[in-house]
1. If you stretched the chain out fully between VAL95 and GLU150, how much longer would it get, using 0.36 nm times the residue separation minus the C-alpha to C-alpha distance?
2. Would you calculate the separation in nanometres between label points at ALA139 and GLU111, each defined as 7 Å from the Cα along the Cα-to-beta-carbon direction?
3. Ranking ASP149, ASP178, ASP201 by Cβ neighbours within 10 Å, fewest first, what do you get?
4. Within 10 Å of each residue's Cβ, count the other Cβ atoms and sort VAL108, VAL117, VAL143 from fewest upward.
5. Read phi for every residue in the range 202-210 and hand back ³J(HN,Hα) as whole Hz from Karplus 6.51 cos²θ - 1.76 cosθ + 1.60, θ = phi - 60°, with x for Gly and Pro.
6. Once phi is turned into ³J(HN,Hα) by the Karplus curve 6.51 cos²θ - 1.76 cosθ + 1.60 with θ = phi - 60°, what whole-Hz value does each residue of the range 143-153 show in order, with x for glycine and proline?
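No value in this document is a laboratory result; all are computed from the given coordinates. Everything numeric here is computed off the predicted structure, so don't read it as measured data. Here the Cβ positions follow ideal geometry from the backbone for every residue, glycine too, while neighbour counts run over all protein chains shown.
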Amino acid sequence: MRTPKGLVFAHTPCDAAIDRFGGPSQDRRVRTRLTVSFLLLASCSSSPPPAPSAPRTPTSPEAEPPTANATPTEDEDEGETVGPIREGMSAEAVVALLGEPTEKPSFVLMEATGEYVSDWPWPSKGLTLSMMGTDETGAGAAVGGISCDESCAFDLPHGLKIGSTRAEVEAVYGDDFDKDFTNENTFIAGSVYGGTFYEFDGDKVVGIFIGAGAE
């Protein structure tokens with residue numbers, strides 16, 4: 001029998017057994033040695049294959065650490081403001097900032113909204129605030145509207161001022177204005193039902209109202 005080229009047989013314990021008991025003929029010995037050699041290669045000499053590694057559990061991407069919220073814009077945070085004054089500010093907070101108004105008229109029921117309203121003026125500051133309460137005593141009163149005239153002592157929304165041009169106002173708001181009620185004398189940013197009303201004399205801002213112009 002022809003053996004594979006280059007195959008070398010080591011003298012194994014199996015050969016010793018064959019020799020000891022007289023063994024088979026040469027050809028049978030060759031066949032036996034081939035068989036035994038291949039068995040040994042498969043079972044004795046070869047190292048067992050490595051155990052398959054446990055599948056890796058997919059890991060989710062490392063979470064980004066939470067970042068502090070960006071500072072809200074004027075519109076996102078508290079609506080449009082005149083100086084430090086904003087809609088919703090309590091009567092106590094207003095008085096702490098501006099001092100007492102020159103008068104506090106009785107609160108009058110607005111039938112359209114069911115709220116009670118009193119206009120508080122600060123003439124020296126060019127400012128009048130419409131305070132809204134829940135009853136005729138003004139309970140829970142808070143700013144519901146802000147009016148400024150030509151003598152306004154505070155900056156208007158977005159850095160605009162009394163005297164700003166119409167082009168400057170339009171550049172700030174772009175297409176965010178009430179197209180049905182805006183005209184040559186008034187620019188209404190937002191909506192007539194809740195927005196910022198700019199009054200013009202010619203091309204200049206002479207007054208502003210923040211709040212609802214209609215219900």
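1. Working: separation 55, 0.36 × 55 = 19.80 nm, distance 2.19 nm.
Extra length from VAL95 to GLU150 when fully extended: 17.6 nm.
2. 2.4
3. Numbers: ASP149 15, ASP178 18, ASP201 10.
Ascending Cβ contact count within 10 Å gives the list ASP201, ASP149, ASP178.
4. On the way: VAL108 12, VAL117 19, VAL143 23.
Taking fewest neighbouring Cβ atoms as first place, the list is VAL108, VAL117, VAL143.
5. Taking θ as phi minus 60°, the curve returns x, 9, 10, 6, 10, x, 8, 9, 10 Hz for the range 202-210.
6. The phi angles translate into 5, x, x, 10, 10, 10, 10, 5, 9, 4, 8 Hz.
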